[in-house]
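Chemist: Would you mind keeping the following structure in view while I ask a few things?
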Amino acid sequence: MNISSRQVDAFLALAEQRSFTRAAVQCHLSQPAFSALIRALEDGLGLRLFDRSTRHVALTGEGENFLEAARRIRAEIDSALARMRDAATLQRGRVAIALLPSLAAGWLPGVLAGYHAAHPGVELEIADVLSERCIEQVATGKADFALAAIRADTPELQAEPFCADDFHLVCRSGHPLLRQRTLAPADLAAWPFIHLARTSSVRQYLEAAFHPQAMHTLMEVEQLATVMGMVRAGLGISVVPALTLFHFGKPGLVTRPLALPGLTRQIYLVRRRDRSLSVAAQALVARMVELRPA
């Protein structure tokens, strides 16, 4: 049978008040309507829960047994409703995000600081991974949404432009390239290059923009901090997105904007088509869009 919360409330009120009149008042019902709820509950269970007389209402043995379960049901309903109210008012919740390490380290902390101050009960989970992993995390449900450099428009995923990221030359101060007013791929390709790994979106954008010009690759590394250290030591030059420039604000290093055809990295907001974002995730997306990198 299906037991409604109104029937549970009526049962608990009558068990407490031991009077149909007082219990009906407590439930804000007329006495006939209240009596109908109790009768429907007993009929559905196939058990008599109360002994009635003109002066006396008492729980039967079966009613005593049902009382503990009814209290537990009421407590679980109240707890569930409280959780839903907390989620709706951003008092609690959980948001999982996957995004590029350059965004996670430089831009995201300031965004999250304000969000966390406004909604301290919302749990935040951050995966700072490359674009392919970002997409995988959303596709498998591990992340609510992602910021990635891949336009993942599929039957399962939707991607919308979030921001664009220009590229900058990074080299030591005094480098001969800094004396040139304009720079072409051939100018850069003549110098030893400190590259990020081929799996990174940065490397893929660079190779596409330089094609068919070959680059003089001195080494490939995984981390931008390593790129910074190698360039600062004078081992070579590099080209990095604007969103990563916070890594390169070191004495002895110079960054310069590059204007090469096709060398602009588009960042996309990726989410599932078949799953609505939670209230907490929607609020975070709204804040990210409001504070998106210029």
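The values are calculated or read from the model by the stated rules, or taken from the named source; none is laboratory data. Nothing here was measured: the structure is a model prediction, and the numbers come from that model. Quick reminder, even Gly has a Cβ in these numbers, built from the backbone with ideal geometry, and neighbours come from all protein chains shown. Surface areas here come from the heavy atoms of the whole protein model, side chains and all, with no ligands, DNA or RNA. Shrake-Rupley method; radii C 1.70, N 1.55, O 1.52, S 1.80 Å.
Chemist: Check residue 58 against each of (1) small (Gly, Ala, Ser); (2) farther than 30 Å from residue 166 by Cβ; (3) touching a strand residue (DSSP E or B) at 6+ places or on another chain (Cβ under 8 Å); (4) in a helix (DSSP H, G or I) and name the one condition it does not meet.
Modeler: Going through the list (1) small (Gly, Ala, Ser); (2) farther than 30 Å from residue 166 by Cβ; (3) touching a strand residue (DSSP E or B) at 6+ places or on another chain (Cβ under 8 Å); (4) in a helix (DSSP H, G or I), residue 58 breaks only (4).
Chemist: Tell me, please, whether a residue that is aliphatic (A, V, I, L, M), within 25 Å of residue 254 (Cβ to Cβ) and not in a strand (DSSP E or B) can be found in region 127-143.
Modeler: No; the residues of region 127-143 include none that is aliphatic (A, V, I, L, M), within 25 Å of residue 254 (Cβ to Cβ) and not in a strand (DSSP E or B).
Chemist: A further question on this structure: Select from region 112-157 the residues that are basic (Lys, Arg) and at pLDDT 90 or above and write down the one among them that is nearest to residue 276 (Cα to Cα).
Modeler: In this case the residue turns out to be 142.
Chemist: Quick one: how many residues across region 175-189 are open to solvent by less than 60 Å² (accessible area, probe 1.4 Å) and without any contact (Cβ under 8 Å) to a residue 24 or more places away in the chain?
Modeler: Counting residues in region 175-189 that are open to solvent by less than 60 Å² (accessible area, probe 1.4 Å) and without any contact (Cβ under 8 Å) to a residue 24 or more places away in the chain gives 2.
Chemist: Anything in region 61-104 that is more than 30 Å from residue 149 (Cα to Cα), of a type in the set (Ser, Thr, Tyr) and touching a helix residue (DSSP H, G or I) at 6+ places or on another chain (Cβ under 9 Å)? List them, or say none.
Modeler: Listed by number, the list holds a single entry, 89.
Chemist: On to the next question. With respect to the numbered conditions (1) surrounded by 16 or more Cβ atoms within 10 Å (Cβ to Cβ); (2) more than 29 Å from the chain's Cα centre (by Cα), which one is the sole condition not fulfilled by residue 241?
Modeler: Exception for residue 241: condition (2).
Chemist: Report, by residue number, each residue of region 45-60 that is open to solvent by 40 Å² or more (accessible area, probe 1.4 Å) and closer than 14 Å to residue 11 by Cα.
Modeler: Selection gives 45, 47, 48, 51, 52.
Chemist: Moving on. I'd like to know if region 273-288 contains one or more residues that are touching a Ser or Thr at 6+ places or on another chain (Cβ under 6 Å), in contact (Cβ under 8 Å) with a residue 12 or more places away in the chain and surrounded by 15 or more Cβ atoms within 10 Å (Cβ to Cβ).
Modeler: no
Chemist: Looking only at region 105-126, which residues are surrounded by fewer than 19 Cβ atoms within 10 Å (Cβ to Cβ), in contact (Cβ under 8 Å) with a residue 12 or more places away in the chain and in a loop (DSSP other than H, G, I, E, B)?
Modeler: 121
Chemist: Of the residues that make up region 198-210, is at least one basic (Lys, Arg) and open to solvent by 20 Å² or more (accessible area, probe 1.4 Å)?
Modeler: yes
Chemist: Hey, could you check region 244-272 for residues that are of a type in the set (Ser, Thr, Tyr) and over 14 Å from residue 147 (Cα atoms) and say which is surrounded by the fewest Cβ atoms within 10 Å (Cβ to Cβ)?
Modeler: For region 244-272, the residue satisfying everything is 264.
Chemist: Considering each residue of region 61-103, count those that are small (Gly, Ala, Ser), open to solvent by 20 Å² or more (accessible area, probe 1.4 Å) and part of a helix (DSSP H, G or I), and give that number.
Modeler: Summing the residues that are small (Gly, Ala, Ser), open to solvent by 20 Å² or more (accessible area, probe 1.4 Å) and part of a helix (DSSP H, G or I) in region 61-103 gives 8.
Chemist: Another question about this same structure. Looking only at region 144-170, filter to residues that are aliphatic (A, V, I, L, M) and assigned to a strand (DSSP E or B); which one of those is surrounded by the fewest Cβ atoms within 10 Å (Cβ to Cβ)?
Modeler: Restricting to residues being aliphatic (A, V, I, L, M) and assigned to a strand (DSSP E or B), the top hit is 164.
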